[in-house]
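Trainee: First the structure, then my questions, so here it is.
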Amino acid sequence: MLKGFKQFILRGNVIDMAVGVVIGAAFATVVGAFHRQAAKAERYGLTDEHSAATYVYTAWLMGEEFDTRIPAIAQILNDRRMKAMDKAKALANCSRLVFRTLSAPASVTGRRSAA
């Protein structure tokens with residue numbers, strides 16, 4: 001294996017190696033972000049697979065710190081009396097509402113057009 005690596009370096013395929021390093025770094029960043037969100041989901045009591053996945057994709061859609069920036073979501077996530085499934089449903093409903101509002105025509109939401 002070391003002989004093949006030596007031949008690779010000697011051939012001058014530094015561009016190929018640089019691309020590999022960049023792809024590896026990007027992958028490490030994505031895995032790290034996923035791990036951080038999964039750990040936060042567990043702290044909020046979202047321990048089953050569906051609830052944790054709902055938290056993670058909501059974080060990716062709304063931003064990594066959505067749980068502290070949006071007071072209503074922070075209140076839901078910090079409520080110890082709520083079950084994990086209920087928290088997941090509330091997160092999913094909130095995500096749907098936000099994106100439905102953002103994608104609705106201006107006449108429905110009351111927003112003015114840029115023109």
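The values are calculated or read from the model by the stated rules, or taken from the named source; none is laboratory data. Bear in mind the structure is a predicted one, so any value in this text is a computation, not a measurement. Cβ sites come from the backbone with ideal geometry, for glycine too, and all protein chains shown count toward neighbours.
Trainee: Inside segment 53-66, can you point out the residues that are touching a Phe, Trp or Tyr at 6+ places or on another chain (Cβ under 9 Å) and modelled with pLDDT of 90 or more?
Mentor: Once the filter is applied, which keeps residues that are touching a Phe, Trp or Tyr at 6+ places or on another chain (Cβ under 9 Å) and modelled with pLDDT of 90 or more, segment 53-66 yields Tyr55, Val56, Thr58, Ala59.
Trainee: Are any of the residues in segment 21-40 without any contact (Cβ under 8 Å) to a residue 40 or more places away in the chain and closer than 18 Å to Ala90 by Cβ?
Mentor: Of all residues in segment 21-40, those without any contact (Cβ under 8 Å) to a residue 40 or more places away in the chain come to 21-40.
Restricting the remaining residues to those that are closer than 18 Å to Ala90 by Cβ gives 37, 40.
The answer is yes, given that some residue of segment 21-40 is without any contact (Cβ under 8 Å) to a residue 40 or more places away in the chain and closer than 18 Å to Ala90 by Cβ.
Trainee: Separate question: What do you reckon, is Ala53 surrounded by 13 or more Cβ atoms within 10 Å (Cβ to Cβ), free of Cβ contacts under 8 Å to residues at least 24 places away in the same chain and at negative phi?
Mentor: Yes.
Trainee: I need the helices (runs of 4 or more DSSP H) fully contained in segment 3-77, keeping only those with at least 2 residues that are charged (D, E, K, R) and over 23 Å from Leu97 (Cα atoms).
Mentor: 14-43
Trainee: Please tell me if Gly24 is on the phi > 0 side of the Ramachandran plot and at pLDDT 90 or above.
Mentor: No; evaluated as a whole, the condition is false for this residue.
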